[in-house]
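Data block below; observations after.
The values are calculated or read from the model by the stated rules, or taken from the named source; none is laboratory data. Everything quoted here is computed from the prediction, not taken from an experiment. Cβ coordinates were reconstructed from backbone atoms using ideal geometry, including for glycine residues, and neighbour counts include every protein chain displayed.
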Amino acid sequence: MTDRVSTEERLLQVSYFDELTGVYNRPLFEHVLREAVVRHRAAGTRFALLDLDIDRFRLINEALGHSFGDSVLTEVTRRLSALLGPDDVLARIGSDEFGIVLAGVGEEEDVAARTRRILDAVAKPVGDGGVAVSPSASIGFAVFPHDGASPEALLRHAGAAMAGVRLRSAGKVARYSGGEDEVRAALLMESGLRTAIEARGLAVHFQPQVCLRSGRMTGAEALVRWDGPDGAPVPPDRFIPLAETTGLILPLGEQVLSAAVGRFAGWVRRHGLAVPVAVNVSAVQFERADLESVVAGLLRDSGLPPELLKLELTETALLGDGARTRRAMEALVAMGVQFSLDDFGTGCSSLSHLHQFPIAQVKIDKSFVARMTTSRPHEKIVRAVVMLAHELDLAVVAEGVETAEQRDRLRDFGCDCGQGFLFDRPQPPEVFAERWVVG
């Protein structure tokens, strides 16, 4: 009898609870959600259904192994459980997807405040022994009864809000907007971008980086451009986040890197060009285990000297598995490749990054450059960044230089180089070569 009871308890556990995390599984969650609808309808109260996804979880599994991925899931579950009240419900409803019922919410601001705490908790580092990641999460939510009066509608609408978040960006929250048109548009954009990548239909333009004292070009940045399915240009700040959240950044990034390296290698051979090309590398690309071999292969095949390639990365790419990132950077630096820290001063800036990682150059974000001639605090920040970088023997490039006054002020601060419309807009390779290479 004891064995039979134990077996029945085990079957119950397997049937209704997630084996890895111990929280509800999808079937039990759907049952609880139906009960919540009935209970809150009778009481005339509201509740929120959250659809939470861990960003880039597949890459965590691929780069660090499934056992490490399991530890991330169990730790995220523990953190989520600690934030929930006695009437709230947590379930694992997919591989890296969690469903959450927040009971007794009032206005939308209540949900927003709680989701912010959830995102902050998830983003804390996970791991030890030199291997750690800082996972981020994205949340779509729907509120009963306004966004859906049935369990099926709430699940569908929270999922639609999640799809919109994942297709636009990561690490954010969105409420169901009342329709799927935005999600449909994002899906169409993803399909168009995928087709363009497969057909190698994206263009790479180049923008010069100029010495503020001599006016000579000291380097150039490669920037990807895409005309959407309707022929209209799609801003990079729309399709790059989409590419990162869908994994398309991997083939896209490799194509941009290949095109930039190939172009500069040709200009080196034909015209003796001797300045580096800078190519942006996303955090997703850095989580690939073979980035070093990809870069080495492109340099070998093109003949571009490694010292003429500069990889630009934001501080987001330095988060997560810092030891793995540092090893990859050191391997590339050993080849002769340089690294530039992009958008410095925004987001999660940390001075520790300047000495923990082999960085040769800092780029001051254009938001500071744009306001430094009208805002004393912004002027002080720019001056301080230049001084700090030089103390650490780092070169400094100011982004978004658009006026002669900005250029002159930066030059007075000792800033090395500038990049922006004052010098030139990003240009197709043929135009860039005529203006900056041949002449």
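Of the candidates 362, 295, the single residue that is modelled with pLDDT of 90 or more and touching a strand residue (DSSP E or B) at 6+ places or on another chain (Cβ under 7 Å) is 362.
Take residue 345 and decide whether it is at pLDDT below 90, in the same structural domain as residue 291 (by TED's automatic domain parsing) and either within 23 Å of the chain's Cα centre (by Cα) or surrounded by 18 or more Cβ atoms within 10 Å (Cβ to Cβ) (or both). Here the answer is yes, as residue 345 does meet what is asked. For residue 402, the stated conditions do not hold, so it cannot be described as out of contact with any Phe, Trp or Tyr (no Cβ under 8 Å at 6 or more places or on another chain) and of a type outside the set (Lys, Arg). Checking each residue in segment 366-378 for being surrounded by fewer than 17 Cβ atoms within 10 Å (Cβ to Cβ) and part of a helix (DSSP H, G or I) picks out 367, 371, 376, 377. Quick one: is residue 165 in a strand (DSSP E or B) and over 20 Å from residue 25 (Cβ atoms)? So residue 165 does not fit the description; no.
Restricting attention to segment 382-428, the residues that are surrounded by 14 or more Cβ atoms within 10 Å (Cβ to Cβ) and either assigned to a strand (DSSP E or B) or not charged (D, E, K, R) (or both) total 28.
Looking at 251, 229, 236, 241 in this structure, which one is at pLDDT below 95 and more than 16 Å from the chain's Cα centre (by Cα)?
229
Going by the conditions given, is residue 95 part of a loop (DSSP other than H, G, I, E, B), of a type in the set (Gly, Ala, Ser), over 18 Å from residue 141 (Cα atoms) and under 24 Å from the mean Cα position of the chain (by Cα)?
Answer is yes for this residue.
One residue alone among 77, 115 is assigned to a helix (DSSP H, G or I), at pLDDT 95 or above and hydroxyl-bearing (Ser, Thr, Tyr), and that residue is 77.
Checked against the criterion of being β-branched (Val, Ile, Thr) and surrounded by fewer than 20 Cβ atoms within 10 Å (Cβ to Cβ), the candidates 131, 101 yield just one match: 131. The set of residues in segment 156-213 being over 20 Å from residue 54 (Cα atoms), of a type outside the set (D, E, K, R) and at pLDDT below 75 consists of 178, 179, 185.
Taking strands (runs of 3 or more DSSP E) that do not extend beyond segment 172-260, which have at least 3 residues that are surrounded by fewer than 20 Cβ atoms within 10 Å (Cβ to Cβ) and out of contact with any Phe, Trp or Tyr (no Cβ under 9 Å at 6 or more places or on another chain)?
Qualifying strands (runs of 3 or more DSSP E): 217-227.
Only residues that are surrounded by fewer than 21 Cβ atoms within 10 Å (Cβ to Cβ) and β-branched (Val, Ile, Thr) were counted in segment 429-439, giving 2.
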